[in-house]
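The next block holds one structure in the form of structure tokens; read it before the comments.
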Amino acid sequence: MYLSAKAVADYERDGFVLVPDLFTPAEVKALLNDVESGEKVAQRTRGVADRSGRKAGIALWSELGDDIWAAASTCPRIVNNIRILLREEVAFFHGKVMLKEAKSGGAWEWHQDYGYWYDQGYVFPRLMSAFVALDPATKENGCLQVLRGSHQLGRLSHEAVGNQSGADARRIDKIEKLFERVHCEMTPGSVLFFHCNLLHTSAPNESEHPRRSFIICYNALDNPQLTDKPTFEQRPCPVSSDNAILQFA
Ligand SMILES: O=C(O)CCC(=O)C(=O)O
């Protein structure tokens, strides 16, 4: 389950790498059970409107806690691959469950995550995310779309679009043609590792089924946050045992 040298080279060229079936069906079932029946996601979910006012749900937290989400965030199959890709020691940054309801879940505008993490004071673009599909992610239900290699652009200007922060739309119109657009269709349990400057978007969910995912974000341990009120705990991300998720099943 550790990335090969080729996968690391793909990530460095493309800004992302997809690992099929990193989590087992039993682990995905346990995570989905917590989405549906647990308190954490229910208590934290809020809607974020896209440019047309359609909302996508997001439940976000910055602490690891002692629950199934912490177990997934400290899973060696994730954390050690993040270390391999960032090539340095990493800290947990935050986790977020993304909920695109059937027929109504809204879009996410083109953006780079470092577009807004820069505004939170992070000095270097040495952060990245692991997007864990909990449901099948398809074109119909608004899977993630990325521009292959766009992390090489560096950070673009961002502006408010709906309740979101989107990359400069006029610039996106021009540069979109320079890159291959990849629809990241994923089976449940698959994980997309992606760079914080990779341009990505997703369309509304037009299907009959929800599209749920868990995105885990990590920062390089020594990437400081310029702020009087740090929200980021600088300690090495713990690594749990490989079967920790199932202990919460
Ligand atoms: O869930 C999605 O479709 C996109 C989420 C996203 O772009 C983000 O959280 O940065």
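All of the numbers you see were taken from the coordinates with simple rules; none came from a lab. Remember, predicted model here, so these are calculated numbers, not experimental data. No Cβ is skipped: glycine too gets one built from the backbone with ideal geometry, and neighbour counts run over all protein chains shown.
Quick notes on this structure:
- Every pair of residues 6+ apart whose Cβ atoms lie under 6 Å, when the first sits in region 123-151 and is closer than 13 Å to Arg212 by Cα and small (Gly, Ala, Ser) while the second is within 12 Å of the ligand (Cβ to nearest atom) and in a loop (DSSP other than H, G, I, E, B): Ala137/Cys143; Gly142/Ala203; Gly142/Pro204; Gly142/Asn205
- Residue that is nearest to Ser104 (Cα to Cα), among those in region 48-90 that are of a type in the set (Gly, Ala, Ser) and under 17 Å from the mean Cα position of the chain (by Cα): Ala56
- Hey, Gln164 over 21 Å from Leu192 (Cα atoms) and within 12 Å of the ligand (Cβ to nearest atom) or not: yes
- Identity of the residue in region 198-241, touching a helix residue (DSSP H, G or I) at 6+ places or on another chain (Cβ under 7 Å), within 12 Å of the ligand (Cβ to nearest atom) and outside any strand (DSSP E or B), that ends up nearest to Ile172 (Cα to Cα): Leu199
Here is a yes/no grid of residues against (1) free of Cβ contacts under 8 Å to residues at least 24 places away in the same chain; (2) crowded, with 20+ Cβ neighbours inside 10 Å; (3) out of contact with any Phe, Trp or Tyr (no Cβ under 9 Å at 6 or more places or on another chain); (4) closer than 27 Å to Leu85 by Cβ:
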{"residue": "Ala5", "(1), (2), (3), (4)": "yes, no, yes, yes"}
{"residue": "Tyr11", "(1), (2), (3), (4)": "no, yes, no, yes"}
{"residue": "Pro20", "(1), (2), (3), (4)": "no, no, yes, yes"}
{"residue": "Glu39", "(1), (2), (3), (4)": "yes, no, yes, no"}
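- Hits in region 91-115 - residues which are more than 16 Å from the chain's Cα centre (by Cα) and surrounded by fewer than 22 Cβ atoms within 10 Å (Cβ to Cβ): Glu101, Ala102, Lys103, Ser104
- In region 44-51 there is at least one residue matching the filter, namely being surrounded by fewer than 15 Cβ atoms within 10 Å (Cβ to Cβ) and assigned to a helix (DSSP H, G or I).
- Condition met for Leu192 (buried (at least 20 other Cβ atoms within 10 Å of the Cβ), under 30 Å from Ala102 (Cα atoms) and in contact with a helix residue (DSSP H, G or I) (Cβ under 6 Å, 6 or more places away or on another chain)): no
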